[in-house]
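See structure below.
The values are calculated or read from the model by the stated rules, or taken from the named source; none is laboratory data. Just so you know, these numbers come straight off a predicted model, no measurement behind them. Positions of Cβ are backbone-derived with ideal geometry, glycine not excepted, and every protein chain shown enters the neighbour counts. Ligands, DNA and RNA are stripped out before the accessible areas are found, and what is left, the full protein with its side chains, is counted by its heavy atoms. Shrake-Rupley method; radii C 1.70, N 1.55, O 1.52, S 1.80 Å.
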Amino acid sequence: MTQSIVELLKDLGNFPKAYYEKNLRRRTGAGTDYLAPEYQDRVRRTVEAIHPKTMRLRVTEIIKETATAKTFRFVRVDGELPPFRPGQYVNWQVKVGGVRTSRAYSISSAPGQDHLDLTIRGMKGGFVSKYLLEKIEIGDSFDTSGPLGGFYHEPLIDGNELVFIAGGSGITPFMSIIRDQVIRDWPLRITLIYGSRKPSDIIFGKELEQLSKDNAAFTYMPVMSEAPPSYRGRRGFITSRLIKQAVADPAAKTFYLCGPNAMYDFVRPELLKLDAPAHKIKRELYGPPADVTKELGWPARLKPTTVFTVKVGDREIPARAGEPLISSLERYGVVVPAECRSGACSACRTKLLSGEVYMPPSTGIRQSDAANGYIHACVAYPLSDLVIRL
Ligand code: FES
């Protein structure tokens, strides 16, 4: 019989007593040896239930949020939904036009529900988002990773006064945190500054407005960069001046940023002008750069359309300079394990045997990996012919 997550945890919690009673290698103060053979099956089953590597999810509802964004509501069909920290993401595996690929999407629902929501907005020229928005139907099933990522509230480090700065679909992890706060009756004080191009682009706008009316702990400030003349709200960009209007004593707050890389590059210096400590500015990476040629250090002489050859095993695959290496490989059926697809998690770590790649400065590669010739294929762009080993 399959045990629920709660039953598994209870069972594991009861085990130290049984273990102690059997007097196995346990001394006062020495703790419990969770590696003992008696423990291993319980530990494995509990860890797999709480941190599944993969989940099979079925779409039960599709909610149209804006003209370009939809929420896909899922239930899990191969077990219980695991617990997660609001702000985390899953990696959604799909096959588009015969190409097996994946994308990381933040969960927009709160933990502890019988469903899990992913909210997707169409990207200009988006290969996967276009497919998801146009082709997915209720009843379709997919594999995803379990919940992943470190963009969540850390009470001891972050404190209780938070400022969320979202751009476009970067609202999704914040929505999970805010909805979780509703359930917990607002132990945190949150100010949300949400930048969009125009009012019709705002995702979850009505819900956010209502929440800010109903809860003194939540302040919502939408800001439009290209609003029509009739718009009465705030306009422009998220400057230090605007942040100061919304946030008293910015130096005492923790800032969370999620949105296009260009938004981060603009907002971070604005926050530093307000004496926000650099270590109190958290960022969720947001996929590979929309245009890698605009990234710091991109070789200006190189056209992004230049095609190089990548040798992997006995195969030779063409790869454009302006496209992440992982996408070029996937197009030819070479699947690289991936989770964040933003350069942060190391899941796509690949050995570069020869040749040269460009990786943006935001890539979170370990120094030892970089020194030993590893690259993150999800944000590596070929600058020459390459030989790699997966
Ligand atoms: S998939 Fe996370 S670093 Fe590439």
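In terms of the Cα gyration tensor, with a ≥ b ≥ c the square roots of its eigenvalues, is region 284-379 rounded because a/c is under 1.5, prolate because a/b exceeds b/c, or oblate? Please report the intermediate quantities before stating the final value.
Numbers: a/c = 1.35, a/b = 1.06, b/c = 1.27.
Rounded is the answer for region 284-379, as its axis ratio a/c remains below 1.5.
Please report Rg over Rh for region 24-146, where both radii come from the alpha carbon positions and Rh follows the Kirkwood definition. Don't jump to the answer; show the numbers that get you there.
Values: Rg = 18.6 Å, Rh = 16.4 Å.
Result: Rg/Rh = 1.14.
Which shape class applies to region 180-272: rounded if a/c is under 1.5, otherwise prolate when a/b exceeds b/c and oblate if not, where a ≥ b ≥ c are the square roots of the Cα gyration tensor eigenvalues? Don't jump to the answer; show the numbers that get you there.
On the way: a/c = 1.76, a/b = 1.13, b/c = 1.55.
Here region 180-272 falls in the oblate category.
Rounded to the nearest 0.05, the FRET efficiency derived from the C-beta distance between residue 14 and residue 115 at R0 = 25 Å is 0.25.
By its C-alpha gyration tensor, with a ≥ b ≥ c as the square roots of the eigenvalues, how is region 207-250 shaped: rounded for a/c under 1.5, else prolate for a/b larger than b/c, else oblate? It comes out oblate by the Cα gyration axes. The largest accessible area among 172, 305 belongs to the first residue in 305, 172, and the rest follow in falling order (1.4 Å probe, all chains).
Calculated from DSSP H runs of 4 or more alone, at -39500 (n - 2.57) each and per residue, what is the 222 nm mean residue ellipticity of the chain, nearest 500?
It lands at -7500 deg cm²/dmol.
Count the DSSP beta bridges whose two residues both fall in the chain, then state the antiparallel fraction as a percent rounded to the nearest 5. Before the final figure, lay out the partial values.
Numbers: 45 of 73 bridges.
Counting only bridges with both partners in the chain, antiparallel ones make up about 60 percent.
With a 1.4 Å probe and all protein chains in place, put 244, 294, 311, 53 in order of accessible area, largest first.
Working: 244 135, 294 160, 311 80, 53 180 Å².
Per-residue accessible area, sorted high to low, gives 53, 294, 244, 311.
Largest mean-square fluctuation among 74, 266, 237, in a Gaussian network model of the chain whose springs join Cα atoms under 10 Å apart, belongs to 266. One chain, two ends: residue 300 and residue 134. Fully extended at 0.36 nm per residue, the span grows by 56.1 nm beyond their Cα-Cα distance.
Stretching residue 38 away from residue 67 to a fully extended chain increases their span by 4.9 nm, per 0.36 nm per residue minus the current alpha-carbon distance.
Per-peptide packing, taken as the mean over residues of other Cβ atoms within 10 Å, places 155-165, 379-389 in the sequence 379-389, 155-165 from highest down. The lysines whose alpha-carbon is closer than 29 Å to the alpha-carbon of residue 124, local same-chain residues fewer than 8 away aside, are 64, 70, 95, 135, 198, 206, 282, 294, 303.
Solvent-accessible surface of protein heavy atoms, probed at 1.4 angstrom with all chains present, puts 359, 224 in the order 359, 224, largest first. Need the C-alpha centroid separation for region 252-318 versus region 52-109, integer Å. Value for the Cα centre distance between the two parts: 24 Å. Accessible area per residue was computed with a 1.4 Å probe on protein heavy atoms; residue 309 scores about 60 Å².
The gain in end-to-end length when the residue 346 to residue 316 segment is fully stretched comes to 8.4 nm, 0.36 nm per residue minus the alpha carbon separation.
Using only C-alpha atoms and all pairs of different ones, pull out the Kirkwood radius for the chain in Å with one decimal.
On the way: mean 1/r = 0.0433 Å⁻¹.
Its Kirkwood hydrodynamic radius stands at 23.1 Å.
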